[in-house]
Amino acid sequence: MPLFCMKKLLICLGLQRKMKKQKKHLRRLPKDRRCFLHPGDAAKDMESAAALAKELGNWNEVSDFYRRASELYMECGRPQPASDALVKAARALEDTIPDAAVQLYNEASAILEEDGKEQMTFDLYCAASSVYVKLEKYSAAATSLLQLGLAADKCNATNSQCKAYLGAIIVYLYAHDFKQAEKCYNDCSQVDAFLRSDQNRCASKLLSAYTEGDIEEIKRLAQSSTVSNLDHVVIKLARKLPTGDVSVLKTDAAVEEEEPLDEDDLT
């Protein structure tokens with residue numbers, strides 16, 4: 001190992017020992033006195049150690065140091081930097097440990113929501129959704145967008161809410177899960193703001209185009225201005241629609257329409 005790398009590693013280890021010593025000292029004191037020992041300063045040390053661990057490619061230590069920094073920020077009643085520390089960890093791990101990254105994004109969002117700062121979670125839910133898409137976990141990606149919509153609803157961010165709901169529907173369509181996309185549309189349409197939105201009309205037209213097997217209409221809608229204003233990851237997925245054989249949906253719809261009524265079945 002090069003000398004400069006060894007020096008950085010020693011710094012990381014030294015900071016780790018400092019962290020353990022600080023936490024041991026904190027545990028010996030009454031809770032109401034702990035914040036006077038400046039755990040925020042120790043948190044900054046942990047963030048510095050995490051940055052060095054990142055340079056060394058020690059990804060597990062990156063996560064550990066940032067998590068410890070987050071814990072220390074929370075100890076002194078600073079939820080926003082606590083969330084920021086987890087976000088830094090998530091961004092560092094996106095390419096190497098993506099499953100851990102989305103977990104960190106979700107934990108960071110939870111901290112902000114508990115602090116009543118839902119609007120600050122929007123980018124985090126989008127980031128989590130993006131990682132899920134890379135992992136081809138489309139249901140989880142759609143769920144992240146729906147969580148964004150719920151957070152937006154709590155702070156009356158109607159436009160962001162409607163865009164998130166349309167995004168979730170598009171993700172389900174990209175995964176060729178028409179039934180789930182339709183269910184998602186019906187559930188979201190219970191929200192009055194979405195029901196009256198341009199995003200709702202776009203989603204309705206998309207679903208109709210699928211049931212009619214109209215590939216050209218699907219492609220046209222995917223290029224619409226309504227879709228172009230969504231998150232860039234969702235836009236990329238929309239531009240690839242349809243991903244499966246939509247003629248099957250048209251056939252299924254026709255069969256349902258032609259199915260004769262059973263006069264004996266009055267249920």
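Within the set GLU61, GLU94, the sole residue that is under 30 Å from ASP153 (Cβ atoms) and open to solvent by 30 Å² or more (accessible area, probe 1.4 Å) turns out to be GLU94.
Only one of TYR132, TYR125, TYR165 is of a type outside the set (D, E, K, R), assigned to a helix (DSSP H, G or I), out of contact with any Lys or Arg (no Cβ under 9 Å at 6 or more places or on another chain) and farther than 24 Å from ILE218 by Cβ; which?
Details: TYR132 fails: farther than 24 Å from ILE218 by Cβ; TYR165 fails: farther than 24 Å from ILE218 by Cβ.
Checking each option against the conditions leaves just TYR125.
Mind checking whether some residue in the range 181-189 is surrounded by fewer than 17 Cβ atoms within 10 Å (Cβ to Cβ) and farther than 24 Å from LYS137 by Cβ?
Step one: list which residues in the range 181-189 are surrounded by fewer than 17 Cβ atoms within 10 Å (Cβ to Cβ), which gives 183, 186-187, 189.
Remaining after also requiring farther than 24 Å from LYS137 by Cβ: 189.
The answer is yes; a qualifying residue exists.
Count of the range 97-113 residues, restricted to those that are more than 12 Å from the chain's Cα centre (by Cα) and either among the β-branched types (Val, Ile, Thr) or surrounded by 21 or more Cβ atoms within 10 Å (Cβ to Cβ) (or both), is 3. Any residue in the range 182-196 that is of a type in the set (Val, Ile, Thr) sitting within a Cβ distance under 8 Å of a residue that is open to solvent by less than 80 Å² (accessible area, probe 1.4 Å)? List the pairs, counting only those 6 or more apart or interchain. Within 8 Å, the pairs are VAL191/ASP153; VAL191/GLN161; VAL191/TYR165.
When the range 114-150 is examined, which residues are found to be open to solvent by less than 50 Å² (accessible area, probe 1.4 Å) and over 17 Å from CYS184 (Cα atoms)? Once the filter is applied, which keeps residues that are open to solvent by less than 50 Å² (accessible area, probe 1.4 Å) and over 17 Å from CYS184 (Cα atoms), the range 114-150 yields GLU118, THR121, PHE122, LEU124, TYR125, CYS126, ALA127, ALA128, SER130, VAL131, TYR132, VAL133.
The values are calculated or read from the model by the stated rules, or taken from the named source; none is laboratory data. Remember, it's a predicted structure, so these values are computed and weren't measured experimentally. Ideal geometry is used to build each Cβ from the backbone, glycine not excepted, and the neighbour counts take in all protein chains shown. Note: areas computed on protein heavy atoms with side chains; ligands, DNA, RNA excluded. Shrake-Rupley method; radii C 1.70, N 1.55, O 1.52, S 1.80 Å.
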